[in-house]
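The values are calculated or read from the model by the stated rules, or taken from the named source; none is laboratory data. None of these values were measured; they are calculated from a predicted model. Neighbour counts run over all protein chains shown; Cβ positions are idealised from the backbone, glycine included.
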Amino acid sequence: MGSYLATEEQVSTWLHLLAKERDLFWPRSVGQFNYSFLPLGERDEICFDRYLPTIVPPGRRLLPDDETLFTSQQGDDRLSHYLPPQPSAPMVLAGVRPCDLKGITQLDTVMAAAPADPYYHQRRVNTVIIAMNCLAPCDSRCFCSAVGALGAQDGADVFLTLLAEGVLVESLSARGDEILVKASFSLCEDGKERRLVAEGTRPLPFGRELAVVPEALPEMLRKGYESPVYHRYGERCYSCGTCNLVCPTCYCFEVRDEMSLDGFSGRRSRTWDSCMIPAFAEVAGPHNFRAEVGERQRHRLKRKFEYLPERFGLGSFCVGCGRCGRQCTANIDILNMVNDIAVEVGGGS
Amino acid sequence: MKPKVAFFDFASCEGCQLALLNCEDDLLAILAQVELVEFREAISEQAGRYDIAFIEGSIHREQDIERLYDIRSRSKVLVALGACACNGNVQARSNFVAPAENYKAVYGEEDRNRVQVDGEYWPLWTHTRVRAVHEVVKVDYQLRGCPMQPTEFLHLLKSLLTGREPSFPANAVCVECKKNENECVYDRGLACFGPIAFGGCDAICINSGHLCDGCRGLLPYANVKAHRQLLKEMGIDITSVQNRYRLHLSNEPDAGEVRR
Ligand code: SF4
Ligand code: SF4
């Protein structure tokens with residue numbers, strides 16, 4: 001688990017080498033202002049430090065949309081037979097920022113909790129993660145530091161930091177060592193010290209700030225249950241679901257069965273779903289547990305800052321990547337919403 | 001016995017029926033499962049009762065209404081096929097423009113003057129309110145879009161044949177934009193109807209670099225007020241917004257009139 005120092009070119013060559021063996025995803029520019037984790041092609045240039053959080057987070061690669069759960073086929077015995085899904089190919093998620101890394105490790109825990117999700121697990125054990133340190137906030141939406149995601153390293157196999165003298169490459173796992181065998185970087189004895197020096201140059205505060213410490217949020221949200229803030233934001237909301245679909249710790253899905261026209265074969269799949277969409281909480285009756293948009297906003301917020309943190313003890317399930325605000329056409333920003341509630345219930349520090 | 005399936009067209013371009021003929025791969029499998037009893041694009045014959053009747057097009061004239069009543073009374077399941085049948089589509093624009101103005105815009109003043117005095121020239125040049133099928137008879141399922149989406153057609157047919165309830169999620173187009181990781185049209189500084197319009201189209205227009213004009217109709221929970229406000233804040237001229245509403249959405253209760 002050594003540390004190395006390399007030039008951007010050397011790292012780029014190494015990544016391209018890895019990409020020949022298996023799918024390697026790196027943030028690539030999409031349209032004018034956006035990025036997306038896309039397979040690195042032979043001729044693709046790698047931009048090391050000039051990318052924003054992608055439209056959807058890298059963790060979505062572990063929970064792909066329209067994923068096959070099983071298929072069925074009629075056999076010679078005229079009975080329907082279960083066929084498991086094709087195992088997924090090994091992949092590398094590279095250029096993963098600490099916020100997204102924290103999101104993935106939180107998904108790991110959620111998906112391992114009973115009933116464990118075998119589909120997620122199968123992909124996860126086949127996935128190597130090369131993370132990329134942040135030394136400055138990505139843009140004016142970022143608040144990873146406020147929710148304790150900035151320092152995340154857990155879950156990464158290799159950890160990159162851009163230093164003035166080159167790229168610091170730290171191996172954090174046996175799998176990291178394994179993929180670094182192919183590299184010809186020079187060993188760096190004081191890697192950790194160099195990283196800490198670089199991290200010391202981060203601006204303070206790093207990105208936007210929460211009005212209360214994250215630990216105080218569950219209590220604050222309980223106090224503010226009836227807060228009009230949710231409904232005020234709700235007035236602008238389209239219930240389009242974007243904020244959920246771009247969130248590194250949202251994982252809800254809808255299951256669908258589709259038969260062939262002759263009825264002899266079929267496929268069960270799951271697709272991304274979102275608790276901001278009105279039909280999400282609709283049940284027989286018909287009754288909707290969260291018919292009002294303000295109630296859905298409250299639910300989304302409490303999932304991130306109260307329900308999941310209290311259930312799993314892994315801190316805030318909002319990792320501060322800023323995606324939901326960035327991608328929302330109505331400019332509804334979750335941090336602004338929390339801070340408005342804090343002001344209202346007087347939880348401000 | 002195979003279920004009897006029939007297609008009927010009213011005011012439309014028949015593009016949805018063509019879109020169906022484009023599902024070549026599945027067409028034979030479909031024909032193996034159903035008995036096609038009326039399909040102007042392919043065969044012509046009258047059959048008594050239908051298990052599934054697909055209605056394409058919007059309803060313009062008194063005699064259309066009579067015909068539709070008749071089809072409904074002979075059909076177990078009635079499906080509105082495509083944007084014209086589901087939301088009146090482009091035709092419904094004429095609910096807001098006097099026929100004389102419309103006629104002049106298309107055929108010129110001279111022709112307009114003639115049609116107004118010559119009863120034989122084109123008796124159909126005026127018509128009653130343009131209606132979607134559900135404004136006239138009970139509709140069991142809607143296959144939205146201009147044209148309809150063949151995958152949704154197949155899903156509906158398979159569901160009906162196997163006795164399952166088909167699912168057409170009432171989701172905004174934005175959902176499919178996220179699944180396809182499209183850059184949002186708003187990021188390009190343009191206005192999109194995706195946040196208030198029915199998805200199910202796989203965001204096909206945005207995937208290919210256009211924007212959404214809402215051909216699949218407004219969502220039941222469309223936040224039209226917020227959308228107006230957003231466009232206003234973007235400095236978009238209200239008449240151009242009105243024109244975009246009039247393209248596919250004239251018959252939507254909230255969208256017909258854009259106030260200054
Ligand atoms: S992305 Fe914005 S408009 Fe869409 S559901 Fe979320 S908060 Fe509402
Ligand atoms: S481009 Fe349109 S449909 Fe797509 S996310 Fe943006 S507003 Fe929604």
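Condition check for B:R131 on (1) at pLDDT 90 or above; (2) not assigned by TED's automatic domain parsing to the domain that holds B:F10: one failure, at (2). Right, B:K178: of a type in the set (K, R) and at the interface with chain A (Cβ under 10 Å from one of its Cβ atoms) or not? Yes. Of the residues making up the stretch B:165-202, those that are in a loop (DSSP other than H, G, I, E, B) and within 6 Å of ligand 2 (Cβ to nearest atom) are B:N182, B:C184, B:C192. Out of all the residues in the stretch A:308-318, is one or more within 16 Å of ligand 1 (Cβ to nearest atom), modelled with pLDDT of 95 or more and under 25 Å from A:D108 (Cα atoms)? Scanning the stretch A:308-318 turns up at least one residue that is within 16 Å of ligand 1 (Cβ to nearest atom), modelled with pLDDT of 95 or more and under 25 Å from A:D108 (Cα atoms).
For the stretch B:203-234, the set of residues classified as of a type in the set (S, T, N, Q) and either facing chain A (nearest Cβ under 10 Å) or within 11 Å of ligand 2 (Cβ to nearest atom) (or both) consists of B:N207, B:N223, B:Q229, listed by residue number.
For the stretch B:156-166, a residue qualifies if it is within 11 Å of chain A (Cβ to nearest Cβ), surrounded by 20 or more Cβ atoms within 10 Å (Cβ to Cβ) and closer than 28 Å to B:L249 by Cβ, and exactly one does: B:L157. Residue pairs whose Cβ atoms lie under 6 Å apart, sitting 6 or more positions apart in sequence or on different chains, and linking a residue in the stretch A:153-165 that is surrounded by fewer than 22 Cβ atoms within 10 Å (Cβ to Cβ) to a partner that is acidic (D, E), are A:L162/A:D49. When A:G176, A:G103, A:G155, A:G148 are checked against the criterion of being part of a helix (DSSP H, G or I) and touching a Ser or Thr at 6+ places or on another chain (Cβ under 7 Å), a single residue qualifies: A:G103.
When the stretch A:312-349 is filtered for residues that are in contact with a Phe, Trp or Tyr (Cβ under 8 Å, 6 or more places away or on another chain) and within 14 Å of chain B (Cβ to nearest Cβ), the ones remaining, listed by number, are A:T329, A:A330, A:I332. Against the list (1) out of contact with any His (no Cβ under 9 Å at 6 or more places or on another chain); (2) in contact (Cβ under 8 Å) with a residue 40 or more places away in the chain; (3) surrounded by 15 or more Cβ atoms within 10 Å (Cβ to Cβ), the condition B:C215 fails is (1).
Results for (1) surrounded by 20 or more Cβ atoms within 10 Å (Cβ to Cβ); (2) modelled with pLDDT of 95 or more; (3) outside any loop (DSSP other than H, G, I, E, B), shown as yes or no for each residue.
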position: B:S94; (1), (2), (3): yes, no, yes
position: B:E120; (1), (2), (3): no, no, no
position: B:H127; (1), (2), (3): no, no, no
position: B:T151; (1), (2), (3): no, no, yes
